[in-house]
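The values are calculated or read from the model by the stated rules, or taken from the named source; none is laboratory data. Every value quoted in this text rests on a predicted model; they were computed, and no experiment measured them. Here the Cβ is made from the backbone with ideal geometry for all residues, glycine too, and neighbour counts use every protein chain on show.
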């Protein structure tokens, strides 16, 4: 089975979401399963040396699931783009490029966090490009851990305030850029997160029908996973006490 999730935004302030995630890891910790985390697993990531106890518990749960044979793969999001090789080694996770083409015997998918296609938001794209440079990241990681945490907190606050003043279309994928993306990746089924607008979109690119699945963000009370069983994709709602399959979600 293949499982796809994104935008959990785990932090010490989200024990409920963390509990749902660690239960998911326990449930799928078998060699036949693969979990793909498409960005923003964490609310922020200030460096692989972060010793916060809640973060360490998540890393330990990832390592335990991978140790039982589950394949766990992760793309960077806009909040946790500093996850690097030390984290990968400690968690047993394989870091993936963005975008990433996933081929199975039955189907082909292209996976992405999704923010690179929000091209109408020029301010965000400028900041995204800046913070992905080795120079910016090296300078940030040289700062003391306490200072990095303070900067991350400030950036989160700024992000919340900025979203409140932006037109909704700025925070969604640009239609033309998305069609170009689908064309460039062979019309594969596109799965992404970032926008927090779960849906299944139907694209027709060059006369070819292509599905685009947008993953849901998680809350303290509920998570969601998109499951591929070899024949179809379906959404599964997760809570701390019960899970149910949703087959008619659009």
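In the range 162-175, what count of residues is obtained for those that are surrounded by fewer than 10 Cβ atoms within 10 Å (Cβ to Cβ) and outside any loop (DSSP other than H, G, I, E, B)? Give the derivation first.
From the range 162-175, those surrounded by fewer than 10 Cβ atoms within 10 Å (Cβ to Cβ) are 164-165, 167-168; that's our starting set.
Within this subset, residues satisfying the condition of being outside any loop (DSSP other than H, G, I, E, B) are 164-165, 168.
Number of matching residues: 3.
Residue 140 meets all of the listed conditions (1) surrounded by 14 or more Cβ atoms within 10 Å (Cβ to Cβ); (2) without any contact (Cβ under 8 Å) to a residue 40 or more places away in the chain; (3) in a helix (DSSP H, G or I) but one, namely (2). Residue count for the range 201-219, restricted to those that are over 11 Å from the mean Cα position of the chain (by Cα), surrounded by 14 or more Cβ atoms within 10 Å (Cβ to Cβ) and part of a strand (DSSP E or B): 7. Taking (1) in contact (Cβ under 8 Å) with a residue 12 or more places away in the chain; (2) in contact with a helix residue (DSSP H, G or I) (Cβ under 7 Å, 6 or more places away or on another chain) in turn, residue 187 satisfies each apart from (2).
Looking at this structure, is residue 89 in a helix (DSSP H, G or I), out of contact with any helix residue (DSSP H, G or I) (no Cβ under 6 Å at 6 or more places or on another chain) and either surrounded by 17 or more Cβ atoms within 10 Å (Cβ to Cβ) or modelled with pLDDT under 95 (or both)? Reasoning before the result, please.
Working: in a helix (DSSP H, G or I): yes; out of contact with any helix residue (DSSP H, G or I) (no Cβ under 6 Å at 6 or more places or on another chain): yes; either surrounded by 17 or more Cβ atoms within 10 Å (Cβ to Cβ) or modelled with pLDDT under 95 (or both): no.
For residue 89, the condition - in a helix (DSSP H, G or I), out of contact with any helix residue (DSSP H, G or I) (no Cβ under 6 Å at 6 or more places or on another chain) and either surrounded by 17 or more Cβ atoms within 10 Å (Cβ to Cβ) or modelled with pLDDT under 95 (or both) - is not met.
Exactly one residue out of 102, 155 is within 18 Å of the chain's Cα centre (by Cα) and under 30 Å from residue 199 (Cβ atoms): that is 102.
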